[in-house]
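The structure appears below as structure tokens.
The values are calculated or read from the model by the stated rules, or taken from the named source; none is laboratory data. None of the values given here were measured: they were computed from a predicted structure. Here the Cβ is made from the backbone with ideal geometry for all residues, glycine too, and neighbour counts use every protein chain on show. Please note that ligands, DNA and RNA were not included when accessible areas were found on the heavy atoms of the full protein model with its side chains. Shrake-Rupley method; radii C 1.70, N 1.55, O 1.52, S 1.80 Å.
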4 protein chains.
Amino acid sequence: MTHAQEMLRTYPNEVGLDAERLARAIDLLVDCANTCTQCADACLSEDRMAELARCIRLNLDCADICLAASRVVSRQTEYDVEVTRPLVEACLAACRSCGDECESHGAHMEHCRICAEQCRACERTCRELLDEMAR
Amino acid sequence: MTHAQEMLRTYPNEVGLDAERLARAIDLLVDCANTCTQCADACLSEDRMAELARCIRLNLDCADICLAASRVVSRQTEYDVEVTRPLVEACLAACRSCGDECESHGAHMEHCRICAEQCRACERTCRELLDEMAR
Amino acid sequence: MTHAQEMLRTYPNEVGLDAERLARAIDLLVDCANTCTQCADACLSEDRMAELARCIRLNLDCADICLAASRVVSRQTEYDVEVTRPLVEACLAACRSCGDECESHGAHMEHCRICAEQCRACERTCRELLDEMAR
Amino acid sequence: MTHAQEMLRTYPNEVGLDAERLARAIDLLVDCANTCTQCADACLSEDRMAELARCIRLNLDCADICLAASRVVSRQTEYDVEVTRPLVEACLAACRSCGDECESHGAHMEHCRICAEQCRACERTCRELLDEMAR
């Protein structure tokens, strides 16, 4: 059991979304945020760094947006779908752009391959959250 | 001239949006993020704090989302409208929810009145950015 | 193997600290940051929330400082001990204050008990990093 | 009057530090954080970007640490000097390292010159806060 799951199980009120799916989403968002931070830094150390400006930029964006999303969906008190939905949509878009860019370098750079996988997983979890919110 | 303006004037490439409008947006996003942080904290010190859970929660969300938006729009290298637009939409939604909530307490709590004004100004600047991106 | 470990193994240059210890530290910092975000929110939903202002406040601080520390230690390019050391010291102090506070509520609130454990683990990992930096 | 000042004047309890100095510090921290975000991005667009890895890295660190510091000192509820002091020390160190690095490029790149000035101003405000906390 992850800490996100444990924390949701001990939350004193009702959780606005399916708790298992939400815990998985929180873990993926937090993990993707940090993987993108590490990928931006790894790109900064590559010899061909000058070709990686777009990758670095999208990594930084994706880290910031996944972080904001992880915090907002972690908050269950007075859950407000009008704030949560558009932010998860923005997060999905950031993961898609960053995943596409990292994937295009994945054959040459392992850190980009791993980061692309994380972005894809995070994009899927965002879509699952959005499907649930649309119900 | 604010530092955001100065930094945009010395940016070595072309800026993807109108530079004056963008600098104003950056300043408002950064300022709104911090005002929301201060408002959440002021609410935590109110006697009637227990009635302010929704206000605190939306202040924290709005602070995190305005911060992410301020960072993403501050980045002009390899500007990607597919990432920027949905995030500015999410930011507009957060400012609206937080502004509505703070406004409802504004008659009794000065910090909420000031915060509501900041959220309204930030909502307007988000709308201006979105109008420009739609062109 | 966690993603932090995988990312450090594929980092294109030398890592300034012991890579296994560093990966563990990154994972703990990131996890503690989010647990604190969740604990602040759980406190906001407690009936006795009005008595939890100090806990909420320290949770928010600890989340922000652990996040900053996780990002800074995740960056290995041009590692600067003069920046990293004082930030890890600040993080240790935040984890200690937040851990003490959460522990004092742990008998009555499970989320505080879990959060206190996370803060203790994060405090230890900060101390290990500082020991290594002092060598 | 800035919004940080207005918010401190309407804060419902006593402020733990001199309110005018604190408001100035919040404004400088928030401003420095964003200037560093903009400077990192401007560096990413420079032709000689490959020589700027250290500058970009320190800009990112300084942005994250100034942000965390701005949030922690903005919170006055249950003010804890044991958390605040080491964080302001870390922030001072980050501003010094980033200021030194940006200054070394300031003759050739205006964004680094402006950013160095901001880091120096933020370093001074951190020192003032620390002096006050030591009393």
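Does D:R57 fit the bill of being modelled with pLDDT of 95 or more, among the basic types (K, R) and crowded, with 23+ Cβ neighbours inside 10 Å? Spell out how you get there, then give the answer.
Values: modelled with pLDDT of 95 or more: yes; among the basic types (K, R): yes; crowded, with 23+ Cβ neighbours inside 10 Å: yes.
Yes.
Which count do you get for residues in the range C:12-65 that are within 19 Å of A:V15 (Cβ to Cβ) and part of a loop (DSSP other than H, G, I, E, B)?
Number satisfying all stated conditions: 3.
Of all residues in the range C:79-126, which are part of a helix (DSSP H, G or I), in contact (Cβ under 8 Å) with a residue 40 or more places away in the chain, within 14 Å of chain A (Cβ to nearest Cβ) and closer than 21 Å to C:Q38 by Cβ?
Matches in the range C:79-126: C:C102, C:H105, C:H111, C:C112, C:I114, C:C115, C:Q118, C:C119, C:A121, C:C122.
Which of the numbered conditions does A:A63 fail, given that it passes all the others? Conditions: (1) open to solvent by less than 10 Å² (accessible area, probe 1.4 Å); (2) of a type in the set (A, V, I, L, M, F, W, C); (3) more than 10 Å from chain C (Cβ to nearest Cβ).
With (1) open to solvent by less than 10 Å² (accessible area, probe 1.4 Å); (2) of a type in the set (A, V, I, L, M, F, W, C); (3) more than 10 Å from chain C (Cβ to nearest Cβ) applied to A:A63, the lone miss is (3).
Kindly indicate whether any position in the range C:68-86 is among the acidic types (D, E), open to solvent by less than 10 Å² (accessible area, probe 1.4 Å) and at pLDDT 95 or above. Walk me through how you get there before you give the answer.
Let us first name the residues in the range C:68-86 that are among the acidic types (D, E), namely C:78, C:80, C:82.
Keeping just the survivors that are open to solvent by less than 10 Å² (accessible area, probe 1.4 Å) gives none.
Within the range C:68-86, none of the residues are among the acidic types (D, E), open to solvent by less than 10 Å² (accessible area, probe 1.4 Å) and at pLDDT 95 or above.
Taking the range C:24-51 on its own, how many of its residues are surrounded by 17 or more Cβ atoms within 10 Å (Cβ to Cβ) and modelled with pLDDT under 95? Even if it seems obvious, please write down each step before you answer.
Going residue by residue through the range C:24-51, those that are surrounded by 17 or more Cβ atoms within 10 Å (Cβ to Cβ) are C:24-46, C:49.
From what is left, the residues that are modelled with pLDDT under 95 are C:49.
Summing the residues that are surrounded by 17 or more Cβ atoms within 10 Å (Cβ to Cβ) and modelled with pLDDT under 95 in the range C:24-51 gives 1.
Looking at (1) open to solvent by 50 Å² or more (accessible area, probe 1.4 Å); (2) over 19 Å from C:C95 (Cβ atoms), which one does C:R21 not meet, given that it meets all the others?
With respect to (1) open to solvent by 50 Å² or more (accessible area, probe 1.4 Å); (2) over 19 Å from C:C95 (Cβ atoms), C:R21 is out only on (2).
Could you list, ordered by first residue, the pairs with Cβ atoms under 9 Å in which the first is in the range A:11-31 and without any contact (Cβ under 8 Å) to a residue 40 or more places away in the chain and facing chain C (nearest Cβ under 8 Å) and the second is crowded, with 18+ Cβ neighbours inside 10 Å and among the aliphatic types (A, V, I, L, M), at least 6 apart or interchain?
As it stands, the answer is A:P12/C:A42; A:P12/C:M109, since those pairs meet every condition given.
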